[in-house]
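**Q** Before we start, here is the structure in question, set down as structure tokens.
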Amino acid sequence: MFKMSSEGLQTNDNGDSTLSSPSDSPTVSCVSSSSSTVTTTTTTTTSTTTATATATQNDANLCQLQQLCLHEDKRKYEFWQTQPVPKLDEEVTSSEPIEADKSNDQIKKEPYRLLDGFKWDTLDIENDDQLKELYTLLNENYVEDDDNMFRFDYSPQFLKWALKPPHWVQNWHCGVRVVKNNKLVGFISAIPATIHLYENAIKMVEINFLCVHKKLRSKRMAPVLIREITRRVNLHGIFQAIYTAGVVLPKPVGSCRYWHRSLNPKKLIEVKFSHLTRNMTMARTIKLYKLPADPKLPGLRKLQKKDIPKVKKILNDYLRQFALAPQFSIEECTHWFMPRDEVVDSYVVEKDNQIVGFTSFYTLPSTVMHHPTYKSIKAAYSFYNVPSPDVDLRDLMQDALIIAKNADHDVFNALDLMENQKFLENLKFGKGDGSLQYYLYNWKCPSITPEKIGLVLQ
């Protein structure tokens with residue numbers, strides 16, 4: 001039960017956890033070489049004998065390599081083989097729990113044991129000092145790209161928004177500290193959600209912000225964090241979870257691709273987030289991505305609190321078409337979508353006193369590593385959007401791009417889920433090299449294609 005955008009949990013043969021970047025592990029298909037008896041006559045030449053010996057040695061080497069790779073695959077997913085998740089090669093045809101719900105007396109009452117020198121701590125993010133500690137841990141140790149050039153920079157106000165939705169549970173803000181100096185070195189969180197999955201409405205949690213200090217990634221801390229947050233959530237009578245990761249683990253329920261729309265192409269090229277394509281100059285690239293100065297949809301305005309009941313209705317109605325999607329309460333709509341400076345922006349399209357369109361995006365900067373001029377990239381992430389017969393999705397998203405650009409965002413990111421594929425190429429988004437896998441904990445169901453996924457996790 002965890003969420004990370006471009007790092008994943010793997011375990012070595014000792015069960016130690018490492019947070020690794022999403023590279024493909026080499027896999028060799030196991031081809032069994034049937035043994036055969038070779039009879040050598042007295043007329044066999046030395047070269048033939050040598051070739052036969054070489055071939056025999058090659059077969060032995062290949063067999064050894066195959067065994068090592070198979071062992072590596074087993075080691076890689078050793079932790080997940082102990083968890084209620086489908087196997088990677090399992091064909092799932094039904095939508096149902098993997099394990100039955102537990103009674104309270106079946107749930108471990110004491111926290112899982114940590115290594116000597118570490119202790120559990122429940123963070124109080126209402127405490128500014130503890131919130132700053134969490135910010136520092138994530139800022140210095142959380143998700144980076146493969147080349148270690150960019151790292152997510154979750155602001156304190158963003159963390160409060162992400163970790164304190166309606167009915168949040170403080171005990172689900174689970175930290176690990178060093179006993180000697182009280183330093184925060186590990187964290188994992190859960191928040192409650194109602195998720196519609198095919199025909200089922202399931203009370204579950206969304207897992208986020210699994211983070212272990214870089215120097216401690218051989219200490220088996222990540223698996224213990226996952227087990228501990230599972231225990232704490234189970235004690236509240238919840239036995240399913242959803243999470244995302246940038247690597248393939250057992251077993252994704254769906255996979256989406258990130259797309260990126262340049263808003264400040266010159267800066268993105270200079271920090272090497274993107275690059276000039278063949279036969280393109282900087283001036284031509286800037287012209288290519290230039291947007292109108294102002295939004296064009298009539299009736300487009302910032303979301304107000306009075307709009308929440310209508311937004312709740314059109315959003316929930318829209319999301320029912322997807323196989324995997326949340327259903328929002330009034331309180332949840334208020335929390336997730338009411339505008340917050342530098343955190344979330346939401347707009348409605350009003351026509352004849354009715355809300356006929358909705359768009360939202362959240363702001364998540366990335367720290368730029370080792371650049372002499374730029375220290376961060378300000379990124380907007382498409383959140384939830386609702387078109388209608390009166391409002392074309394492409395027009396809605398173009399206005400969202402303009403709003404983000406006017407608020408000094410450098411790039412606008414979107415996944416190819418829901419109906420997003422209708423506007424991605426048309427609005428000059430470029431396909432990224434990162435995928436986001438969706439996972440369910442203690443639930444199995446048939447795989448879901450991106451256009452049938454209606455859930456966005458921060």
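The values are calculated or read from the model by the stated rules, or taken from the named source; none is laboratory data. The model shown is predicted, which means the values in this text are computed figures rather than measured ones. For neighbour counting, all protein chains shown are included, and Cβ atoms are generated from backbone atoms with ideal geometry for every residue, glycine included.
**Q** Of all residues in segment 108-152, which are of a type in the set (A, V, I, L, M) and surrounded by 14 or more Cβ atoms within 10 Å (Cβ to Cβ)?
**A** LEU114, LEU123, ILE125, LEU131, LEU134, LEU137, LEU138, VAL143, MET149
**Q** Right, next: When you check LYS102 against the structure, is it at pLDDT 95 or above, more than 23 Å from the chain's Cα centre (by Cα), assigned to a strand (DSSP E or B) and not assigned by the TED database to the domain that holds SER274, yes or no? Please lay out each step first, then the result.
**A** Working: at pLDDT 95 or above: yes; more than 23 Å from the chain's Cα centre (by Cα): yes; assigned to a strand (DSSP E or B): no; not assigned by the TED database to the domain that holds SER274: yes.
Spelling it out, it is not the case that LYS102 is at pLDDT 95 or above, more than 23 Å from the chain's Cα centre (by Cα), assigned to a strand (DSSP E or B) and not assigned by the TED database to the domain that holds SER274.
**Q** Sticking with this one: What's the total number of residues in segment 336-359 that are β-branched (Val, Ile, Thr) and surrounded by fewer than 19 Cβ atoms within 10 Å (Cβ to Cβ)?
**A** Count: 1.
**Q** So, of the residues in segment 414-443 that are surrounded by fewer than 19 Cβ atoms within 10 Å (Cβ to Cβ) and in a strand (DSSP E or B), which turns out to be modelled with the lowest pLDDT?
**A** Ranking the candidates gives GLY434 first.
**Q** Same structure, new question: Go through segment 254-267 and count every residue that is surrounded by fewer than 22 Cβ atoms within 10 Å (Cβ to Cβ) and either at pLDDT below 95 or in a loop (DSSP other than H, G, I, E, B) (or both).
**A** 1
**Q** Ok, one more. Looking only at segment 169-222, which residues are among the charged types (D, E, K, R), at pLDDT 95 or above and assigned to a loop (DSSP other than H, G, I, E, B)?
**A** Across segment 169-222, the qualifying residues are LYS180, LYS183.
**Q** Determine if segment 323-335 includes at least one residue that is within 20 Å of ARG394 (Cα to Cα), modelled with pLDDT of 95 or more, buried (at least 20 other Cβ atoms within 10 Å of the Cβ) and in contact with a strand residue (DSSP E or B) (Cβ under 7 Å, 6 or more places away or on another chain). Please lay out each step first, then the result.
**A** First, pick out the residues of segment 323-335 that are within 20 Å of ARG394 (Cα to Cα): none.
No: segment 323-335 contains no residue that is within 20 Å of ARG394 (Cα to Cα), modelled with pLDDT of 95 or more, buried (at least 20 other Cβ atoms within 10 Å of the Cβ) and in contact with a strand residue (DSSP E or B) (Cβ under 7 Å, 6 or more places away or on another chain).
This table checks each residue for (1) free of Cβ contacts under 8 Å to residues at least 12 places away in the same chain; (2) polar (S, T, N, Q); (3) not assigned by the TED database to the domain that holds ASP129.
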| site | (1), (2), (3) |
| --- | --- |
| VAL185 | no, no, no |
| THR194 | no, yes, no |
| VAL205 | no, no, no |
| THR277 | yes, yes, yes |
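**Q** Then there's this: Just one of (1) in the same structural domain as PRO86 (by the TED database); (2) surrounded by 19 or more Cβ atoms within 10 Å (Cβ to Cβ); (3) touching a helix residue (DSSP H, G or I) at 6+ places or on another chain (Cβ under 6 Å) trips up LYS214, so point out which.
**A** The single condition LYS214 does not satisfy is (2).
**Q** Right, here's the next one. Would you mention how many residues in segment 347-397 are free of Cβ contacts under 8 Å to residues at least 40 places away in the same chain, under 20 Å from GLU270 (Cα atoms), in a loop (DSSP other than H, G, I, E, B) and not charged (D, E, K, R)?
**A** 1
**Q** Could you grab me the full set of residues in segment 128-149 that are farther than 18 Å from THR244 by Cβ and either β-branched (Val, Ile, Thr) or not in a helix (DSSP H, G or I) (or both)?
**A** Hits for segment 128-149 are THR136, ASP147, ASN148, MET149.
**Q** Would you check which residues across segment 82-107 are charged (D, E, K, R), exposed (fewer than 12 other Cβ atoms within 10 Å of the Cβ) and farther than 22 Å from HIS236 by Cα and list them?
**A** Of everything in segment 82-107, those that are charged (D, E, K, R), exposed (fewer than 12 other Cβ atoms within 10 Å of the Cβ) and farther than 22 Å from HIS236 by Cα turn out to be ASP89, GLU90, GLU91.
**Q** Tally time: how many residues in segment 223-253 are free of Cβ contacts under 8 Å to residues at least 60 places away in the same chain and assigned to a strand (DSSP E or B)?
**A** Of the residues in segment 223-253, 0 are free of Cβ contacts under 8 Å to residues at least 60 places away in the same chain and assigned to a strand (DSSP E or B).
**Q** Applying the selection to segment 294-307, what residues are buried (at least 19 other Cβ atoms within 10 Å of the Cβ) and either part of a strand (DSSP E or B) or under 29 Å from the mean Cα position of the chain (by Cα) (or both)? Outline the logic, then answer.
**A** Going through segment 294-307, the residues buried (at least 19 other Cβ atoms within 10 Å of the Cβ) turn out to be 295, 297, 300, 303, 307.
Hits for segment 294-307 are LEU300, LEU303.
**Q** Here's another thing I want to ask about it. Looking at LEU288 and the list (1) closer than 27 Å to ARG177 by Cβ; (2) hydrophobic (A, V, I, L, M, F, W, C); (3) assigned by the TED database to the domain that holds PHE423, which single condition is not satisfied?
**A** Result: LEU288 passes all but (1).
**Q** Right, another one. Report yes if some residue within segment 397-408 is in contact with a Gly (Cβ under 8 Å, 6 or more places away or on another chain) and farther than 11 Å from LEU263 by Cβ; otherwise report no.
**A** No: segment 397-408 contains no residue that is in contact with a Gly (Cβ under 8 Å, 6 or more places away or on another chain) and farther than 11 Å from LEU263 by Cβ.
**Q** To continue, here is another question. Name the residues in segment 281-293 that are closer than 19 Å to GLU425 by Cβ, among the aliphatic types (A, V, I, L, M) and surrounded by 13 or more Cβ atoms within 10 Å (Cβ to Cβ), would you?
**A** LEU291
**Q** Among LEU163, LEU197, LEU115, which is over 30 Å from ARG320 (Cα atoms) and among the aliphatic types (A, V, I, L, M)?
**A** Just a single option satisfies the conditions, and that option is LEU115.
**Q** Restricting to segment 271-280, give me the number of residues that are surrounded by 11 or more Cβ atoms within 10 Å (Cβ to Cβ) and within 32 Å of the chain's Cα centre (by Cα).
**A** Residues flagged as surrounded by 11 or more Cβ atoms within 10 Å (Cβ to Cβ) and within 32 Å of the chain's Cα centre (by Cα) within segment 271-280 amount to 5.
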